[in-house]
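Contents: one structure, followed by commentary.
Please treat every number below as a calculation from the coordinates, not as lab data. Keep in mind the model is a prediction, meaning the values are calculated, not measured. For neighbour counting, all protein chains shown are included, and Cβ atoms are generated from backbone atoms with ideal geometry for every residue, glycine included.
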Amino acid sequence: YYQRNVKGKEHALHCRKKGHLDAPEQVLLDLNAVAAAHKFAALGPSDVSPSGRYFAYALDKTGFRQYELRVRDLETNVELSERAERVTSVAFANDEKTLFYSIEDPVAKRSHRVYRHKIGEASDKDVLVFEEKDERFEVEVRRTRSRGYMVILSESHTANEARLISADRPNEAPRVVVPR
């Protein structure tokens, strides 16, 4: 996975060569094409599913760091109908179909909720996994390097807290492993 610039273009191409370096290049996202249709284009948080089939990414088309979640099937190069507004982080579980994402509060502009989404289901069925009620804290979700766990981090300027969910059992409730 890499990004490269094209001479005369403002934005980078986000690409991959699947399996080996001699594989043909696949463009995951051409921000220049997005920018051609909008006044602004920026890539926010993104993640590729463990098998490499799905690419979840967040786009800002306003310049206000308000990222909309999108998902592309990289086998068919089809943009799926999945959408979520004000996304601040994304991470796939190991089952290929479960995507966790965090969103910001539209008034306070602080990342405060983590949701679980199943690829192929309507976004209104997304499940609230965690909500940070303390306004001094922001949340994010990520997968560990070992790919064994999903981590929900709550962080302020002076403290933090970590919750884990098994990446193999994404429907389980998060458990606190590092208390505030």
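Residues with amide H under 5 Å of LEU74's amide H, sequence separation 5 or more or different chain, H placed in the peptide plane at 1.01 Å from N; which?
So LEU74 has HN proximity to TYR54, PHE55.
Of THR76, ALA12, LEU59, which is farthest along the charge dipole of the chain in the positive direction, counting Lys and Arg as +1 and Asp and Glu as -1 at C-beta?
ALA12
Mind listing the phi-derived Karplus ³J(HN,Hα) values for the stretch 131-146, rounded to whole Hz, using 6.51, -1.76 and 1.60 with θ = phi - 60°, and x for any glycine or proline?
So the J values, rounded to whole Hz, are 10, 8, 7, 6, 5, 7, 10, 10, 10, 8, 10, 7, 9, 5, 4, 6.
GLU121 to LYS133: extension gain in nm, 0.36 nm per residue of separation minus the Cα-Cα distance? Kindly include the intermediate steps, with their values, before the conclusion.
On the way: separation 12, 0.36 × 12 = 4.32 nm, distance 2.75 nm.
Answer, rounded to one decimal: 1.6 nm.
Cross-chain or 8 or more residues apart, Cα under 26 Å: how many lysine pairs in the chain fit that? Count them up, please.
23
As an exercise, use a Förster radius of 35 Å and the Cβ-Cβ distance of LYS18 and ARG175 to find the FRET efficiency, rounded to the nearest 0.05.
Numbers: r = 35 Å, r/R0 = 1.00.
It comes out at approximately 0.50.
Take the alpha carbon atoms of the stretch 1-78, find their center, do the same for the stretch 107-122, and report the distance between the two centers in whole angstrom.
Using only Cα atoms to place each centre, the spacing works out to 20 Å.
Mind listing the phi-derived Karplus ³J(HN,Hα) values for the stretch 169-180, rounded to whole Hz, using 6.51, -1.76 and 1.60 with θ = phi - 60°, and x for any glycine or proline?
Result, rounded to whole Hz: 10, x, 8, 6, 6, x, 10, 6, 10, 10, x, 4.
Please give the net charge around GLU121, taking every other residue with its beta carbon less than 10 angstrom from that of GLU121, where Lys and Arg add +1 and Asp and Glu add -1.
On the way: positive: LYS97, LYS118, LYS125; negative: GLU82, ASP124, ASP126.
Cβ neighbours under 10 Å give a net charge of 0.
If you put +1 on each Lys and Arg Cβ and -1 on each Asp and Glu Cβ, how big is the dipole of the stretch 75-180 around its Cα centre, in Debye rounded to 20?
Details: 19 positive and 21 negative charges, 72 e Å.
Dipole size: approximately 340 debye.
Is the shape of the stretch 22-117 rounded, prolate or oblate, going by the alpha carbon gyration tensor and its root eigenvalues a ≥ b ≥ c, with a/c under 1.5 for rounded and a/b larger than b/c for prolate? Intermediate values should be presented prior to the final figure.
Values: a/c = 2.44, a/b = 1.19, b/c = 2.05.
It is oblate, given that a/c is not under 1.5 and a/b is not larger than b/c.
Give me the percent relative contact order of the chain, please, defined on Cα pairs under 8 angstrom at least 6 residues apart. Could the numbers behind the result be given before it?
Working: 426 pairs, mean separation 19.6, N = 180.
Relative contact order, the chain: 11 percent.
So if we plug the beta-carbon distance of GLN26 and ALA159 into 1/(1 + (r/R0)^6) with R0 = 30 Å, what FRET efficiency do we get, rounded to 0.05? Please report the intermediate quantities before stating the final value.
Values: r = 42 Å, r/R0 = 1.40.
Computed FRET efficiency for GLN26 and ALA159 comes out at 0.10.
With +1 assigned to the C-beta of every Lys and Arg and -1 to the C-beta of every Asp and Glu, and no other charges, what is the dipole magnitude of the chain about the Cα centre in debye, to the nearest 20? If you can, show how the numbers build up before the last one.
Numbers: 31 positive and 29 negative charges, 77 e Å.
Rounded to the nearest 20 debye, it is 380 debye.
Along the stretch 85-101, what does the Karplus equation 6.51 cos²θ - 1.76 cosθ + 1.60 (θ = phi - 60°) give for ³J(HN,Hα), rounded to whole Hz, x for Gly and Pro?
Once rounded to whole Hz, the list reads 9, 6, 6, 10, 7, 9, 7, 8, 7, 6, 7, 6, 10, 9, 10, 9, 8.
Would you mind putting 14-23, 116-125 in packing order, based on average other-beta-carbon counts within 10 Å, highest first?
Result, highest mean Cβ count within 10 Å first: 116-125, 14-23.
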